[in-house]
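Take a look at the structure set out below.
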Amino acid sequence: MRVLILTQYFPPDIGGSCRRAYNAAKGLTRLGHEVEVVTAVPHYPLGEVPVSYRRKLVTVENEGGIRVIRVCMPPIPHRGFHRRLLMYLSFCVTSLFGLPLVRKPDVIWVASPSVFSSFPAAVYRVLKRAPLVRNVDDLWPETALQLGVLSSRFRKVGEYLARLSYIMGNALTPISKAYTRTLVEKYSIRPEDIKVVEVGVDTGLFRPAGRVESSPFSVVYSGLLGVAYDFDCLLEAASALREEEVDFLIRGVGEMEGSIRRRISEGSLHNVTVSTQFLQIEGLVSLLNSAGSLILPMSKNESQDAGIPTKLLEYMSCGRPILCVSSGASAEIVRNAACGVVVPPGDSSALADAIRTLRASEEREQMGINARAYAEANFSLWSIAKKLEEAFHHAGAS
């Protein structure tokens, strides 16, 4: 099967969205399918386009057997509603530059989390005469409204655009079964056209490594420093543990960096370190394996918490115990896998207690073993690719 993936974000960009698309592409390639990707030049999240891509409309590359067609984008950081909107609309236009270079696909999978990417995907669908499958990374505009990223004045416009993006496809592949109710009840999508395909993780790259228990006990967050995560809760817990043998590391880049640093300075949180260092996969895996525990601080946003962050599965695949601040899909996974401690969103006191409990627990090693086993059994590239393959056949791909 020849699969065309349309996504605004693709490595070396960072974040869950680009890694989801890349994992899907790798998994499908390993199943023997021919995969092409139309994506933007590297630009996320800071808007820094490498020199080698500048002043080029289109660049064609090969990434491990995946043909990647990169289209130009303006060098604008993803900060604030208007800038984000400009970037989404820019990709709607520039993604069409790849049309003449794309071979006729058997199916098109639009993987970008933005609803706007569905519209150029519909153009590809018509001109390439191939069925279209729309991935649902998160519920938009629901998540954006709850996070305050989108004004309530634009609710109806956002819901209209979302509805259009959903009905354009022959099938939907939400990353969480928790999304299904909204898709069916609010947007009238037929249940049989919804095929849940969770986020995948490359268990060959993200793997346990030999480690020696360090002191003090380390709690590590690694990922995007964005509004979807409750760093206030994390920092309040760190404040409560200032005089105890616990250190915190927050690593990543994003629009919340400034406010995180201010909170650390104002609270004199000597036990919290912020790092914006870019790490290759090997370095990231080494960092995750060095942690006493890995933390996922989901916000109180109900729509956001219904999703499954890629970082959770990477944490689990590295075989480390998880501190999961969530009441949604992530919490369900951690409980089912018996691989960590779950704390209600926003409850910093409960989080501090959970860190104390986990630090003293003799079951941390078993939690890590459980985490790895669950990731291998449920979220490997092979299992995710097989689910995508079934969704593509349902949509009409030959």
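The values are calculated or read from the model by the stated rules, or taken from the named source; none is laboratory data. Just so we're clear, the structure is a prediction, and the values are computed from it rather than from any experiment. Positions of Cβ are backbone-derived with ideal geometry, glycine not excepted, and every protein chain shown enters the neighbour counts.
Summary of values
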read-out	value
Checklist (1) on the phi < 0 side of the Ramachandran plot; (2) in contact with a helix residue (DSSP H, G or I) (Cβ under 8 Å, 6 or more places away or on another chain) applied to G346, failing item	(1)
Residue match in the stretch 378-398 (condition: exposed (fewer than 15 other Cβ atoms within 10 Å of the Cβ), in a loop (DSSP other than H, G, I, E, B) and out of contact with any Lys or Arg (no Cβ under 8 Å at 6 or more places or on another chain))	yes
Hey, A395 at pLDDT 95 or above, among the small types (G, A, S) and at negative phi or not	no
Failed item, numbered, when R125 is tested on (1) crowded, with 18+ Cβ neighbours inside 10 Å; (2) in contact with a helix residue (DSSP H, G or I) (Cβ under 9 Å, 6 or more places away or on another chain)	(2)
Selection from the stretch 365-377 of residues that are small (G, A, S) and either closer than 23 Å to G27 by Cβ or not in a helix (DSSP H, G or I) (or both)	A371, A373, A375, A377
Any strands (runs of 3 or more DSSP E) falling wholly within the stretch 1-106 and containing at least 1 residues that are modelled with pLDDT of 90 or more and buried (at least 21 other Cβ atoms within 10 Å of the Cβ)	2-6, 34-40, 66-71
Test: R155 is modelled with pLDDT under 90, part of a helix (DSSP H, G or I) and either in the same structural domain as K387 (by TED's automatic domain parsing) or basic (K, R) (or both)	yes
Looking only at the stretch 139-150, and only at residues there that are touching a residue at least 40 places away in the same chain (Cβ under 8 Å) and buried (at least 22 other Cβ atoms within 10 Å of the Cβ), the one that is nearest to C18 (Cα to Cα)	L139
Residue count for the stretch 277-331, restricted to those that are in contact with a Gly (Cβ under 7 Å, 6 or more places away or on another chain) and over 20 Å from R20 (Cβ atoms)	5
All positions within the stretch 121-145 that are hydrophobic (A, V, I, L, M, F, W, C) and part of a strand (DSSP E or B)	L132, V133, V136
Top-ranked residue of the stretch 323-337 - restricted to ones that are among the hydrophobic types (A, V, I, L, M, F, W, C) and crowded, with 24+ Cβ neighbours inside 10 Å, ranked as nearest to A350 (Cα to Cα)	V325
Hits in the stretch 289-346 - residues which are without any contact (Cβ under 8 Å) to a residue 60 or more places away in the chain and among the polar types (S, T, N, Q)	S326, S327, S330, N336
Residues (assigned to a loop (DSSP other than H, G, I, E, B), within 15 Å of L358 (Cβ to Cβ) and touching a strand residue (DSSP E or B) at 6+ places or on another chain (Cβ under 9 Å)) located in the stretch 299-341	R320, P321, C339
